Amino acid sequence: MTHPGAEEKRDKLLVNLSPELRRDLRIRAAEHGLNMQDAAASALNLWYDTPESPEADTRGAKSWGVFLPSGGPARFTHECETRSITKVQGMAQAITAWLAAHPSPAERVVAQPVKRILVGNQKGGVGKTFVASGLAQAMAEGGLRVLLVDYDPQAHLTSRMQIPGLPDGADSLLTHMLGEAARHLARSLVALPHERFGGRLHVLPASKDAFLMDAKLALLQVGRDTCLARALAPVEDNYDVIILDGPPNLGLAIDLAINYVQRRPGELIDHSGILMPVWSDRSSFDAYEMLNSQIETHTKMTGAVVDQLGFVVNAYDARKGVVTRAFYDGWNELTTPGVLATLKDAIEGREASDYQVPLLEHAPDSPQANVMRGLAKELAA
């Protein structure tokens, strides 16, 4: 969960914001070397200096939260009351004006490390593999070089991509983590052949020895916390994004993945972190509480800073009743992070999995494929 730095007292502002403005703010802030909190504060300062601001589009606004310098939320609320407008309209005006005043630069201001995204949740069956795969496909289709790591010993991602396993003679990820590999990690990667990905989407297949990961790593006496980072380091420069499809548990393997996606020195907030697929039900809330507890324990013990990028609500169908809609509203109320994407329960996704064909290849014009593209655009900055 993205929190303010300890060096500055900040207060949380809750307000509704359209997904389009939220996405554009995240992208533009990253392009200018800012985190979303500082970009939002800058937008409000610009708005305060512009008493006559044009009305902004607020259609589709959903709950959103941001940390502002101490006293910021109170000042914003007072200014909205003075102008006789809603906070939704005030924030939309501020961000719209800031985006207009800060166009995309020709070159990125701050050089960033490879983007690292763990798609994780303690609960099984919520669509981790589907989201990890779809996000990787959309990013590769958009021109990024992507490494998709099957970090789940059940190997669902590997099988759904019709990958028979590791190339002949290749070493598994666990072998590299233990420092026992005989060959470079690049020898273990498989490139997806589909033309739309342009050779930019590579997969590190799962191996059966992954079932022994926790047991074997528990015996590693030196450098265990960073063994995943060391294993992937030799190929990081070859990619723009590395995505890990996490297992449905909270064991040592997930702890190492959390450590891998921690914020590195000079890295912007929300550049890397954890993306959490969930369902609109009670069990997903319980699973998230356990995952969040593990993240907090890890950060307290190691001093790492780990950003939670947001939720992807999967298989959502409002027709399932009041309880389902209420849980969906509950995810939106967890505003830092918030819901980045909502995937409706659709046949195209199930067919892609059953036919073992990438979603964007099987149904490139489907609503689910377009949701993945929108999610990729927001997270790619």
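The values are calculated or read from the model by the stated rules, or taken from the named source; none is laboratory data. In this text, all values refer to a predicted model and were calculated from it rather than measured experimentally. Cβ: placed from backbone, ideal geometry, glycine included. Neighbour counts: every protein chain shown. The accessibility values were calculated without ligands, DNA or RNA, using every heavy atom of the protein model including side chains. Shrake-Rupley method; radii C 1.70, N 1.55, O 1.52, S 1.80 Å.
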- Backbone HN-Hα couplings from phi across region 51-57 [Karplus 6.51/-1.76/1.60, Hz, Gly and Pro as x]: x, 9, 9, x, 5, 10, 6
- Measuring from the lowest to the highest alpha carbon on each principal axis, how far does region 156-307 reach, largest first, in angstroms? 40, 39, 33
- Note on the structure: Relative contact order of the chain (C-alpha contacts under 8 Å, at least 6 apart) in percent is 22 percent
- Query: Given +1 on the Cβ of Lys and Arg, -1 on the Cβ of Asp and Glu, and no further charges, what dipole in debye does region 18-120 carry about its Cα centre, rounded to the nearest 20?
  - Reply: 520 debye
- Message: Nothing charged except the Cβ atoms of Lys and Arg (+1) and of Asp and Glu (-1): what's the magnitude of the dipole of region 226-315 about its Cα centre? Round to the nearest 20 debye.
- Response: 200 debye
- Message: Let's see if you can work this out: charge +1 on each Lys and Arg Cβ, -1 on each Asp and Glu Cβ, no other charges. What is the dipole magnitude of the chain about its Cα centre, in debye to the nearest 20?
- Response: 200 debye
- At a probe radius of 1.4 Å, what is the per-residue accessible area of Thr342, in Å² to the nearest 10? 30 Å²
- Counting only protein heavy atoms and leaving out ligands, DNA and RNA, the solvent-accessible surface of Asp57 at a 1.4 Å probe, in Å² to the nearest 10, equals 80 Å²
- Taking H as built 1.01 Å from N, whose amide H comes closer than 5 Å to the amide H of Leu244, not counting residues under 5 places away? Ile117, Leu118, Val119, Val149
- Item | Unit charges at the beta carbon, dipole of the chain: most positive-side option, Thr86, Pro234, Leu343 | Leu343
- Task: Over every pair of different alpha-carbon atoms in region 144-236, take the mean of 1/r and invert it; report that Kirkwood radius in Å.
- Result: 13.8 Å
- In a solvent-free Debye calculation with one equal scatterer on each Cα, what is log10 I(q)/I(0) for the chain at q = 0.06 Å⁻¹, listed in the order of the q values? -0.23
- Note on the structure: Sorted by chain and number, the residues with a modelled amide H under 5 Å from that of Val203, at a separation of 5 or more or across chains, are Leu148, Val190, Ala191, Leu192
- Task: Just list whichever of Lys344/Lys377; Lys208/Lys300; Lys115/Lys216; Lys9/Lys300; Lys62/Lys128; Lys115/Lys377 have alpha carbons separated by over 22 Å in the model shown.
- Result: Lys208/Lys300; Lys115/Lys216; Lys62/Lys128
- Given a 1.4 Å probe and the protein chains all in place, what does the accessible area of Val88 round to, in Å² to the nearest 10? 40 Å²
- Between the Cα axis of helix 87-101 and the main Cα principal axis of the chain, the angle (0 to 90°, nearest 10) is 70 degrees
- Note on the structure: With the charge dipole of the chain built from beta-carbon charges (+1 for Lys and Arg, -1 for Asp and Glu) about the Cα centre, the Cα from Leu375, Ala253, Ala206 projecting farthest to the positive end belongs to Ala253
- Item | Calculated [θ] (222 nm, deg cm²/dmol) that DSSP helices of n ≥ 4 give over the chain, each run adding -39,500 (n - 2.57) | -12500 deg cm²/dmol
- Dipole of region 34-114, positive direction: furthest Cα of Thr96, Phe67, Ala41, with charges on the beta-carbon: Phe67
- Note on the structure: Relative to the chain, whose Cα atoms define the longest principal axis, helix 367-379 and its Cα axis are tilted in degrees, nearest 10, by 80 degrees
- Over region 268-367: Kirkwood hydrodynamic radius from C-alpha pairwise inverse distances, Å: 15.3 Å
- Task: Please determine, in degrees from 0 to 90 and to the nearest 10, the orientation of helix 72-83 with respect to the longest principal axis defined by the Cα atoms of the chain, where the helix direction is its Cα long axis.
- Result: 40 degrees
- Note on the structure: Here the net charge surrounding Gly330, from other residues whose Cβ is less than 11 Å away from its Cβ (Lys, Arg +1; Asp, Glu -1), is -1
